[in-house]
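Where a number appears in this text, it was derived from the coordinates with a stated rule and is not lab data. Please read these numbers as outputs of a predicted model, since none were measured by experiment. Heads up, the Cβs are rebuilt from the backbone with ideal geometry, glycines too, and the neighbour counts pull from every protein chain shown.
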Amino acid sequence: MDRIKIVVVALTLISGCASPSVQFSGIAPIPITVAGMTFKVYANGPNVQVIRTSRGAPDEAPFRSIVSQVIEMATGCSVVPESLDGDFNLVNGSIVC
């Protein structure tokens, strides 16, 4: 019985790794590949969330510009640069269309 509980908890944690925040639930992701990295982009009005789904650690220097490019490709809107917040796996931001 304890093994079943452990498996259920593990599967629950794993399934949430590439899921968007509640604010973006029900919104279909826009898949984008740039610079060998794959992303899922979720847009809800002026708010956007980017989840990197590829493995490996990207270089920090160009990562913000790559995320901006990904958002603009997915939404067709301009990124508010100072709005980008997050890490290499999940970035939240704002767009202006």
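With the highest mean first, a sort of the peptides 28-36, 45-53 on other beta-carbon atoms found within 10 angstrom per residue produces 45-53, 28-36.
In segment 20-96, if the dipole is taken from +1 on Lys/Arg beta carbons and -1 on Asp/Glu beta carbons about the Cα centre, which of ASN44, SER83, SER94 is farthest to the positive end? After comparing all options, I get ASN44. Using alpha carbons only, the radius of gyration of segment 20-96 set against its Kirkwood radius gives Rg/Rh = 0.92. The modelled label-to-label distance for the pair GLU60/GLN23, using points 7 Å beyond Cα in the direction of Cβ, is 2.5 nm.
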